[in-house]
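Engineer: I am attaching a structure below and will ask some questions about it afterwards.
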Amino acid sequence: MSDIPTYPEILQIEISTLCNFSCAMCLRNGRENHSKSIDISLYRKIAKEAFPNVKKIVLYGVGEPLMHPDFLEILKITRKHLPPTGLIDFTTNGALLTPELLTQILPYGINRIVVSLDTSNFNRLQKMREGASEDVLNNLKNLSTFRQSNKIQELAIESVVMRSNLYDLPDLIEFCHNLKVDSIFISHVLPYHEEMIKETLYIPQSKESWEISRQILEETWDHFSSLIQSTLYTKANKGGPEKLLAKSKAKITLARESGIDINLPAIIGNYQKLAIIEDTKRIFHEVQTLADDYQIRLELPFIFPDLTRRECPYAAKKAILINVQGELVPCYNLLHSHQIHVNDHIRDEIPFQYGSLATHSIEELYNSKKFTELKKFLRDMRKTAEWCGDCTYSSLDCFYINTNENDCLGNSPNCNECLFSVGIVKCIF
């Protein structure tokens, strides 16, 4: 342990894995149902030991926090042990946030309430979030009234953008403007199951790699498959195709000499998404302009990974997560067992816990040698972790991409395909 202990600035706590919705894009659909709520006595212990030293508490994990039977008691405990300037946030699907409950919640000084809303088209919302009713919109309108009376500091919306609701985004901005929403956070979908792959609106290869590959494909699409299927291009096809492929190989060689890897198998599949990617760029520009005009804070995800700004959002903001069992977890993606579909393969994500707050203090676990080494690795991911999206082997059954246990540089966990770290999937805390 360090001689001078440090503490996280943001503590995200998963108080319940219960949920009254079944959302198409949710991690809960890709794992066994072990729904439970955090024990109130354990929460009280964590609060007493940890909260005086943190700046913000975020009540959210895999589940609906308002499903916790003692939610109001949790708020009471939280406010009691936080510093006077401490902030409390929570994210909700909005269905249970009735005017009566909201009146009971507000005295605890809530900084921000985030409501999950992917579209203002109610029929589409019901399809995306099974269980949604008109109560969601009615409760949101009531919440807006309380915000305009300054009874909460910030009203925010979080949305998952997919093909299903991309073209609804301008209307969503208008809807939020009418409700005087302060902030909108938009994230791409992370495919936890196969059906979600077709909904994605991003390219997991870097923009530099994509632009070079796109030039190649536009010139040689009819013959490009021959280039990746064999290292020896048949001499029978002389003339035009051979010259085109030679030109393509030269571009690939030049790119690699400049430090840009080309993941040929993945690029071919993603080339089919060219039209929807262009539409996504256009819609993103349109909604950003609208949000600026309405003075709404809008955070949009990247369409391509920005490897120059790659970082773990939790490490960058000095945030950690405590799961429903009271165990210390580095981030949302390492919270529960699940699968993701990325770079043309299925990846098993196993949870990583670094000790229990039931038997240890936050000071002990956060400053332990093992967790300190992890924080150092996550803070400097541009140097410590490769990006598999640009590596050909990530689409060709590489040994290291089947799970998140270890990467090809010996790091554990393997964060080399983490879409959170490149701004494609967003963390909100």
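Engineer: Which ones in segment 139-166 are within 15 Å of N111 (Cβ to Cβ) and either surrounded by 19 or more Cβ atoms within 10 Å (Cβ to Cβ) or within 27 Å of the chain's Cα centre (by Cα) (or both)?
Structural biologist: L143, R147, I152, Q153, E154, L155, A156
Engineer: Scan segment 304-315 and tell me whether some residue there is outside any strand (DSSP E or B), at pLDDT 95 or above and open to solvent by 50 Å² or more (accessible area, probe 1.4 Å).
Structural biologist: Checked against the condition, which is being outside any strand (DSSP E or B), at pLDDT 95 or above and open to solvent by 50 Å² or more (accessible area, probe 1.4 Å), segment 304-315 yields no hits at all.
Engineer: Shifting gears a bit: Condition first: charged (D, E, K, R), part of a helix (DSSP H, G or I) and out of contact with any strand residue (DSSP E or B) (no Cβ under 7 Å at 6 or more places or on another chain). Now tell me which residues in segment 160-194 satisfy that.
Structural biologist: If the condition is that a residue be charged (D, E, K, R), part of a helix (DSSP H, G or I) and out of contact with any strand residue (DSSP E or B) (no Cβ under 7 Å at 6 or more places or on another chain), then D168, D171, E174 are the ones that fit.
Engineer: Inspect segment 39-50 for any residue being part of a loop (DSSP other than H, G, I, E, B) and surrounded by 18 or more Cβ atoms within 10 Å (Cβ to Cβ) and give the result as yes or no.
Structural biologist: Within segment 39-50 (the criterion being part of a loop (DSSP other than H, G, I, E, B) and surrounded by 18 or more Cβ atoms within 10 Å (Cβ to Cβ)), the answer is no, since none of the residues qualifies.
Engineer: What do you reckon, is S133 in contact (Cβ under 8 Å) with a residue 12 or more places away in the chain and under 25 Å from E286 (Cβ atoms)?
Structural biologist: Considered against the rule, which asks whether it is in contact (Cβ under 8 Å) with a residue 12 or more places away in the chain and under 25 Å from E286 (Cβ atoms), S133 comes out as no.
Engineer: While we're on this one: Among Q205, Q126, which is open to solvent by less than 20 Å² (accessible area, probe 1.4 Å) and at pLDDT below 95?
Structural biologist: Checking each option against the conditions leaves just Q205.
Engineer: Please indicate, with yes or no, whether at least one residue in segment 320-336 is in a strand (DSSP E or B), under 24 Å from I38 (Cα atoms), in contact (Cβ under 8 Å) with a residue 40 or more places away in the chain and under 16 Å from the mean Cα position of the chain (by Cα).
Structural biologist: Among the residues of segment 320-336, at least one is in a strand (DSSP E or B), under 24 Å from I38 (Cα atoms), in contact (Cβ under 8 Å) with a residue 40 or more places away in the chain and under 16 Å from the mean Cα position of the chain (by Cα), which makes the answer yes.
Engineer: Out of L18, L96, L72, report the one residue that is part of a loop (DSSP other than H, G, I, E, B), out of contact with any Gly (no Cβ under 9 Å at 6 or more places or on another chain) and open to solvent by 10 Å² or more (accessible area, probe 1.4 Å).
Structural biologist: After applying the criteria, what remains is L96.
Engineer: If the requirement is being among the small types (G, A, S) and over 30 Å from E286 (Cβ atoms), which of these qualifies: S164, S149?
Structural biologist: Exactly one residue qualifies, and that residue is S149.
Engineer: If a residue has to be farther than 30 Å from I212 by Cβ, open to solvent by 30 Å² or more (accessible area, probe 1.4 Å) and either in contact (Cβ under 8 Å) with a residue 40 or more places away in the chain or within 21 Å of the chain's Cα centre (by Cα) (or both) to count, how many in segment 283-303 make the cut?
Structural biologist: The number of residues fulfilling the criteria is 3.
Engineer: Got a sec? Which of I113, I88, I157, I152 is modelled with pLDDT under 95, aliphatic (A, V, I, L, M), closer than 23 Å to I13 by Cβ and not in a helix (DSSP H, G or I)?
Structural biologist: I152
Engineer: A further question follows. Looking at (1) loosely packed, with under 15 Cβ neighbours inside 10 Å; (2) assigned to a loop (DSSP other than H, G, I, E, B), find the lone condition where A246 falls short.
Structural biologist: Only one criterion in (1) loosely packed, with under 15 Cβ neighbours inside 10 Å; (2) assigned to a loop (DSSP other than H, G, I, E, B) is unmet by A246, namely (2).
Engineer: Moving on to the next point. Is it the case, given these coordinates, that P170 is modelled with pLDDT of 95 or more and more than 29 Å from A24 (Cα to Cα)?
Structural biologist: So P170 fails the test.
The values are calculated or read from the model by the stated rules, or taken from the named source; none is laboratory data. For clarity, every value in this text was computed on a predicted model and none was experimentally measured. Neighbour counts run over all protein chains shown; Cβ positions are idealised from the backbone, glycine included. Heads up: the accessible areas ignore ligands, DNA and RNA and are worked out on the full protein's heavy atoms, side chains in. Shrake-Rupley method; radii C 1.70, N 1.55, O 1.52, S 1.80 Å.
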